[in-house]
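Read through the structure below, which is laid out as structure tokens, and then see the notes.
Rule-based calculations on the coordinates, nothing more; no lab input. Computed from a predicted structure; not experimentally measured. With ideal geometry, Cβ positions are generated from the backbone for all residues, glycine too; neighbour counts draw on all protein chains shown.
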Amino acid sequence: MREDDITKMTEERRRLAKGLCFFDANIWLGDPEAFPLAEEMAPESISEVLDRRYVTGGLISHWRGKTVSPQAGNEAVLQSVRGNRRNLYVIWTGLPLFLPESGPVPGATQTPTEVRAVRIFPKSHNFPLVSWCLGSLCEWLSARRMPLFIWHTELDWPSLYLMAKAFPKLPIVVETQVQKILYHTRPLFALMRDCRNVLLEISNLAGQGFIEYVTWEFGAERLIFGSFWPVNDPLVAIGMVIDAEISREEKALIAGENLRRLISEA
Amino acid sequence: MGDGFIIDAHLHVGRPGAFFAPATEPDDLLRIMDKLGISHAICMDHRSIVEGCGAGLDAHRELFDRSNGRIYYLGVFHPRRAAACLAALERAKDWSGFAGLKIHPSCHGVPGDDPSYESAWTFAARHNLPILTHSWSVSQYNPTQYLSTPDRFENYVRSFGQARLVLGHAGGRGTGRLQAIRLAREYPNVYLDFAGDIFCYRLIENLVQSVPVEKILFGSDFPWFDPRANLSRVLLAEATPSTKIKILRDNAIRVYQLEVFQC
């Protein structure tokens, strides 16, 4: 009897998960830093793994872009997705444009068509999140309608507020993974109230009722599905969306439509 | 109560000061439980987690009655307030809905292998009660977690074989999980719940492969985390329905001896 109930609940969730066409902003290749139990995902296994977790495609990142150098990560991630027939695109790692950095970084070389977004690591790469240092990259991204991604562990909220105000046409996606975003919701939600160009990736937006709160207060357009795979399991964020107390249309926006629109303009 | 049958074996009520939470109170919890098919829960209030049990147990007893027996509760043992906590536990041990003890070495600043926990283990063993402990991995950004690594509980587990220990959060996201798995494999009285943000890829599948399925309990850590985060990953995991029902219900009934639920 109970097993029948479980089967029914499982099938219902499978149907919802498949129907929402999840498109993932946060798929990672390379050796996960500081997660000793996480296993590196092989590029050739991406398609099979995506299918098993109800994800139709997304943006690929490479750990080397944080741990070694942006150039090393950018080269590696581009090689990994070229020739892959899946619906996969690339996030490159960026640096301030002022100094003439060599190699494949945004603004320094021609940007391949697969690259649809840029992520920065201000703390790891030792530059402040301020206009006089990073403004040139923000202008470059704004001109190309390309979104900027940033982990919440790599920023400070007052600086991000000033950057978002200074570049109102630049979509800035705050990523929630790695550490608990719930301890930062007081500044985060105030920032989202004041800066409409700030969006939120949801891989760790698992606090009670947060999906509904953001949807009702700021709009479903502000949420971006991401998994932080293979450190995190996509089923966590998928579960938060499919069971959310919001409309089917709002779920579809969060699951993938927002991200597809965001990168299609790049 | 509706058609719910799932048991959330690790959650809280009360307002946490450290973060904004839209819903934290018992009525919020019951509404969410109804929506998700969660019939019962094992609860500890936030104030008792910080200060140790006392008046919080009376509030829990009232909540158990008011919820028609749906929200069971644990008494928090604070090793720096041992005498007061033991007195409160002694008073509550026969109350309806009282389901065991909770310890939190990281919150209380006392390592899990400290001698000051011995009276709690003795109490649990004498009264055939389980102990739920916070457990985690050594963390670069949360230093007090080293007080709660699973290995620290091993001597007590060995010495008090008649007391059941649930390693809350299954040792966390790092190497503490390997310790938790080892203990669950070696000791019949050790169990794991994966409440919280142990969002590791294929965690459910890996735990099922690593320890007897009877050792694994579903929990949410509400209101820190939404029960939906862990519920769908169990339902959508690559596991059989019989495995899922054990994780989502049967194991909690057995570990916490929720007699009203015997089917």
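Observations on the model:
- Between segment B:242-261 and segment B:206-228, the C-alpha centres lie 12 angstrom from each other.
- This ranking places B:Cys43, A:Cys133 by how few other beta-carbon atoms lie within 10 Å of each, fewest first, which gives A:Cys133, B:Cys43.
- Shielding by other protein chains, B:239-246, mean Cβ within 10 Å: 4
- Remark: mean inter-chain Cβ contacts per residue of A:241-248 equal 2, using a 10 Å Cβ-Cβ cutoff to other protein chain atoms.
- Here each label is just a point 7 Å from Cα along the line to Cβ, and for A:Lys165 and A:Arg145 those points are 2.8 nm apart.
- Distance-filtered residues of segment A:155-171 - backbone nitrogen under 20 Å, label point 7 angstrom along A:Ala190 Cα→Cβ: A:155-167
- Helices in chain B, meaning DSSP H runs of at least 4 residues, each add -39500 (n - 2.57). Divided by all residues, the mean residue ellipticity at 222 nm is -10000 deg cm²/dmol.
- Inter-probe distance in nm under a simple model that places probes 7 Å from Cα toward Cβ, at A:Phe98 and A:Arg261: 3.6
- Largest GNM mean-square fluctuation across A:Ala34, A:Ala143, A:Ala190, computed for chain A with C-alpha springs under 10 Å, falls on A:Ala34.
- Inter-label distance for B:Val50 and B:Glu238, nm, one decimal - labels placed 7 Å from Cα along Cα-to-Cβ: 4.4
- Shielding value for A:207-219 is 4, the average number of Cβ atoms from other chains within 10 Å of each residue's Cβ.
- FRET efficiency, 1/(1 + (r/R0)^6) with R0 45 Å, evaluated for B:Glu205 and B:Thr144 via beta carbons: 0.90
- Those residues of segment A:205-245 whose amide nitrogen sits under 20 Å from the label point placed on A:Trp157, 7 Å along Cα→Cβ: A:205-219, A:222-224
- Span from the segment B:78-123 Cα centroid across to the segment A:74-88 one, whole angstrom: 54
- Ascending count of other beta-carbon atoms within 10 Å, so fewest first, for B:Asp3, B:Asp193: B:Asp3, B:Asp193
- Cβ crowding within 10 Å ranks A:Asp5, A:Asp243 as A:Asp5, A:Asp243, fewest other Cβ atoms first.
- Estimated [θ] at 222 nm from DSSP helical runs (n ≥ 4, -39500 (n - 2.57)) normalised by residues in chain A, nearest 500: -11000 deg cm²/dmol
- Space enclosed by the convex hull of the alpha-carbon atoms of the protein assembly as shown, per residue, Å³: 133
- Length gained when the stretch B:Arg61-B:Phe19 is fully extended (0.36 nm per residue, less Cα-Cα span): 12.4 nm
- Lysines with Cα under 28 Å of B:Lys246, excluding same-chain neighbours fewer than 8 positions away: A:Lys8, A:Lys18, B:Lys35, B:Lys93, B:Lys102, B:Lys215
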